[in-house]
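Colleague: Before anything else, here's the structure in question.
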Amino acid sequence: MDDSLRAGVAIYNAGAYRAAHGAWESKWLSLDRGGDDERFLHGLIQFTAAVHHARDGNDSGAVGLARSAREYLDGLADDYRGVDLAGVRESLARLEADPGVAADPPAFRLDGRVVTYDDLDFDAVAVAAETLAEELDGYDESVVADAVGYAHEEIAGGEQTQFTAMVFDFVRNEAQRGLVFQRLSEHVRRRRRREDDVSGLFE
């Protein structure tokens, strides 16, 4: 859960409030309903959704989600899995009372720090890259998934070169993400063509 948790927190702190839930959703769906980890992730997902709705002007949706998120997080330690749940609960209470406060949502703290993309190692960056491709418009998820796979191959082979650097850049370089994705797409297409050229040669 650590990589997914850190990736989601960094995505949220980058201002992609709606997208943050994507890093947690598959983990959440795999957990037994009602367990502490399941309630924790469910609460975080609803927290980010509440912020998103409040910023979109859907006050009733934001208030309902804030109330529900507080219920899911009720009873968990204030620093559950390193997340500052005390701060999250305060934010939820303020949001429930006045959705307008979401215009400037508070940073998410993990292990006492505001986690950003620069704080993520490759495994967490890989989660963030695939989440951003899925949740944001204009990106082909299969291209990013293949790029992450090729980067894992590089790392396993003792290298951290082309694909590794581009996956990091796709996540970290928000201002140029579209251009980075174009470059990434070209490299993935070339790699796919090379693989297609040799597939079947030795069968």
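The values are calculated or read from the model by the stated rules, or taken from the named source; none is laboratory data. Since the model is a prediction, treat every value here as computed from it, not as a measurement. FYI the Cβ positions are ideal-geometry reconstructions off the backbone, even for glycines, and counts take in every protein chain you see. Keep in mind that these areas ignore ligands, DNA and RNA; they rest on the heavy atoms of the full protein, side chains included. Shrake-Rupley method; radii C 1.70, N 1.55, O 1.52, S 1.80 Å.
Colleague: For the chain, what does -39500 (n - 2.57) per DSSP helix run (n ≥ 4), summed and divided by total residues, give at 222 nm, in deg cm²/dmol to the nearest 500?
Modeller: Estimated from H runs of four or more residues: -22000 deg cm²/dmol.
Colleague: Using Cα pairs closer than 8 Å and at least 6 residues apart in sequence, work out the relative contact order for the stretch 81-203, in percent. Don't skip to the answer; put the middle values down first.
Modeller: Details: 89 pairs, mean separation 22.1, N = 123.
Over the stretch 81-203, the number comes to 18 percent.
Colleague: I've got another one for you. Which of the following values of Rg and Dmax of the Cα atoms in Å was calculated from the structure shown: (i) 18.8, 67; (ii) 16.0, 49; (iii) 17.4, 64?
Modeller: (i)
Colleague: Can you give me the accessible area per residue for the stretch 142-181, using a 1.4 Å probe, in Å²? Could the numbers behind the result be given before it?
Modeller: On the way: 1810 Å² over 40 residues.
Dividing the accessible area of the stretch 142-181 by its residue count gives 45 Å².
Colleague: Report in % the part of the accessible area of the chain that belongs to carbon and sulfur, leaving out ligands and nucleic acids; probe 1.4 Å.
Modeller: About 43 percent, which is the carbon plus sulfur part of the accessible surface.
Colleague: Please work out how much length the chain gains when fully extended from ASP118 to ALA165, using 0.36 nm per residue of separation minus the C-alpha to C-alpha distance, in nm with one decimal. Can you show the working numbers first?
Modeller: Working: separation 47, 0.36 × 47 = 16.92 nm, distance 1.29 nm.
Using 0.36 nm per residue and subtracting the Cα-Cα distance, I get 15.6 nm.
Colleague: Something else about it: Return a whole-number percent for the relative contact order of the stretch 1-115, with Cα pairs under 8 Å and 6 or more residues apart as the contact set.
Modeller: Details: 161 pairs, mean separation 28.4, N = 115.
Over the stretch 1-115, the number comes to 25 percent.
Colleague: About its Cα centre, what dipole magnitude does the chain give when the only charges are +1 on Lys and Arg Cβ and -1 on Asp and Glu Cβ, stated in debye to the nearest 20? Could the numbers behind the result be given before it?
Modeller: Numbers: 22 positive and 40 negative charges, 82 e Å.
Value, rounded to 20: 400 debye.
Colleague: Give or take rounding to whole Å, what are the principal axis extents of the alpha carbon atoms in the stretch 1-112, in descending order?
Modeller: Dimensions of the stretch 1-112 along the principal axes of its Cα atoms: 32, 26, 25 Å.
Colleague: Another question about this same structure. Restricting attention to the stretch 8-72, which trypsin sites (Lys or Arg not before Pro) occupy a DSSP loop and are surrounded by at most 13 other Cβ atoms within 10 Å? Each step should come with its number before you reach the end.
Modeller: Details: sites: ARG18, LYS27, ARG33, ARG39, ARG55, ARG67, ARG70; in loops: ARG33.
Loop-located and lightly packed - ARG33.
Colleague: Sticking with this one: May I ask you to give the solvent-accessible area per residue for the stretch 62-120, in square angstrom, as obtained with a 1.4 angstrom probe? Present the calculation step by step, with values, prior to reporting the outcome.
Modeller: Numbers: 2960 Å² over 59 residues.
For the stretch 62-120, the solvent-accessible area averages 50 Å² per residue.
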